[in-house]
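Here's the structure, in structure tokens; my notes come after.
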Amino acid sequence: MEIQVFIIDAFTNLPFKGNPAAVCLLMHELSDDIYLKTAAEFNLAETAFITKVDQSDSFTTGSRFSLQWFTPTTEINLCGHATLASAAALFQHKKNINPVLVFETRSGDLSVTRQGGSYVMDFPLNPPTKEDPNEFRDVIKAAVRNHPVQDVYLSSNTKKLAIRLADSCGRSVLTSLKVDPVALQSSETSGRVMEVIITMKGSPDEQPGYDFYYRNFSPWYGIPEDPVTGSDLTVIGSYWSEELGKKKMLAYQCSSRGGELELEVRDDGRINITGQTVTVLQGTITL
């Protein structure tokens, strides 16, 4: 059996930046064991598996597909960059003829619209709840050490804990943080937290004027640091929208690879997340 595969850098217009995802196009569903072994082989933050919903369709003519995401260790419920990469694989490489693609996922139907050289993803919002920092003292210590923290929020359904650094911290504080993934994972074993987002207010007066910055650490999913995490915006997009009084924002994820994300918080409980992609590899998996 042969599977067509692409490795696509998402949320960037430059190769080897953004977040790489492997995208596998399947003629029919395979076992989770094969998905996990394939994801472990690529050893990227996420590997996406696209399956046709209607067997009479092709990857060129179909408008609805099944989409699953796997880290090297487990299946996850929502992934932004691998959804963006999946849409790019179909639009760019399979020359899909539809203006909008719909992916059936664990998080419901997710649509992606081509918009010039970018793609707009229609995602759910997961507004977080303000928490007492003392409840997460060990996690905060492992994540940001002694740097001042302004807010701590938790999205229970996504198990993402957002830690906002105080405005007195410069961007260099966020970019220079060295988080030990083993210590971070050991600091929280209750299952309430599976990802930590460290975020801070941006510098809109500087070009290109980012509204906020953030980083993501997910050792609980086998990902020490995720380079660019679109799904985080379903949580902190809602938070920053309220804090800044803005619906449309520009965010930057301050990993070593870096990534730029446009977002628009909508009034219907959804969020549009926009980004670009670059394909760096295409080939075939033989099983």
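Descriptive notes on the structure:
- Checking each residue in the range 41-55 for being at pLDDT 95 or above, surrounded by fewer than 20 Cβ atoms within 10 Å (Cβ to Cβ) and among the polar types (S, T, N, Q) picks out N43, T51.
- Residues (hydrophobic (A, V, I, L, M, F, W, C) and assigned to a loop (DSSP other than H, G, I, E, B)) located in the range 225-241: V228
- Strands (runs of 3 or more DSSP E) contained entirely in the range 106-224, each with at least 3 residues that are in contact with a strand residue (DSSP E or B) (Cβ under 9 Å, 6 or more places away or on another chain) and either of a type in the set (D, E) or within 30 Å of F65 (Cβ to Cβ) (or both): 108-115, 118-124, 212-218
- Complete set of residues in the range 87-101 that are assigned to a strand (DSSP E or B) and either farther than 15 Å from A48 by Cβ or among the hydroxyl-bearing types (S, T, Y) (or both): V100
- Per the conditions (1) crowded, with 21+ Cβ neighbours inside 10 Å; (2) under 19 Å from P128 (Cα atoms); (3) aliphatic (A, V, I, L, M), the sole criterion not satisfied by L184 is (2).
- Set side by side, the residues T73, T83 differ, and just one is in contact (Cβ under 8 Å) with a residue 40 or more places away in the chain, in contact with a Gly (Cβ under 6 Å, 6 or more places away or on another chain) and outside any strand (DSSP E or B), which is T73.
- In the range 5-40, residue surrounded by the most Cβ atoms within 10 Å (Cβ to Cβ) [restricted to those that are assigned to a helix (DSSP H, G or I) and free of Cβ contacts under 8 Å to residues at least 40 places away in the same chain]: A39
The values are calculated or read from the model by the stated rules, or taken from the named source; none is laboratory data. Quick caveat: nothing in here was measured; it's all calculated off a predicted structure. Note: ideal-geometry Cβ built from the backbone for every residue, glycine included; neighbour counts use all protein chains shown.
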